[in-house]
1. Rounded if a/c is under 1.5, else prolate if a/b beats b/c, else oblate: with a ≥ b ≥ c from the C-alpha gyration tensor eigenvalues square-rooted, which is segment 1-114?
2. Rounded, prolate or oblate, given the Cα gyration tensor of segment 56-143, with a/c below 1.5 counting as rounded?
3. Report the extension gain between F21 and M1 in nm, rounded to one decimal, defined as 0.36 nm multiplied by the number of residues separating them, less their alpha carbon distance.
4. I need the shape label for segment 1-49. Rule: rounded when a/c is under 1.5, else prolate if a/b > b/c, else oblate, with a, b, c from the alpha carbon gyration tensor.
5. Label point 7 Å out from S64 along Cα-to-Cβ: which residues of segment 85-111 have amide N under 17 Å?
6. Quick one, could you list the DSSP H helices from the chain stretching 18 Å or more along their long axis (Cα atoms) with average Kyte-Doolittle hydropathy of 0.0 or above?
7. So what is the relative contact order for the chain, in percent, with contacts set as C-alpha pairs under 8 Å and at least six apart?
8. Of the DSSP beta bridges with both residues in the chain, give the percent that are antiparallel, rounding to the nearest 5.
Amino acid sequence: MKILVINGPNLNMLGARDTNFYGSETMDDIESEMRSTYPQIEFDFYQSNIEGEIVNRVQSATGSFDALIINPAAYSHTSIAIRDALELCTIPKIEVHLSNIASRDDFRSKSLTASKTDGYITGFKKHGYFAAVFLIQRIMNEK
Ligand code: DQA
């Protein structure tokens, strides 16, 4: 199984960001742990701070990957472009947020992108990415 993991703006700064919200691991730490936890899964990790680059990556996911895990970060709250790209993406897709976006600033409580995924996981720090893999495996087994 091939899973594309897309992380949006400022997630390259994990470790330096507020650890109460995001945990103390860097994105490299999370990537290594996911690769060692699921050696049978081929992961492609992609991070960008640029909206259009994320749109391009989402557009190219269908046909090349079995599933998509995406944390659009701040773009979740603003990006109709990423939302539209997700709408076009026909593989199973799960949105992940490290922090609990429902318990933070009002402007974070609404994700424009989540409703164009199969569902979203929010508030479990790095564990959200692992939960997403668990759910993708379950979804794929039903097919
Ligand atoms: C985030 C939540 C967003 O509101 C924020 O802008 C981020 C990270 C999260 O993973 O909790 O950069 O997506």
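The values are calculated or read from the model by the stated rules, or taken from the named source; none is laboratory data. If you're wondering where the values come from, they're calculated on a predicted model, not measured in any experiment. Methodologically, a virtual Cβ is constructed for each residue, glycine included, from the backbone with ideal geometry; neighbour enumeration extends over all protein chains shown. Accessible surface areas use protein heavy atoms only, side chains included; no ligands, DNA or RNA. Shrake-Rupley method; radii C 1.70, N 1.55, O 1.52, S 1.80 Å.
1. Oblate.
2. Details: a/c = 2.32, a/b = 1.25, b/c = 1.86.
It comes out oblate by the Cα gyration axes.
3. Stretched out fully, the F21 to M1 stretch lengthens by 4.1 nm.
4. Oblate, because a/c is 1.5 or more while a/b does not exceed b/c.
5. 85-93
6. 127-142
7. 26
8. Counting only bridges with both partners in the chain, antiparallel ones make up about 0 percent.
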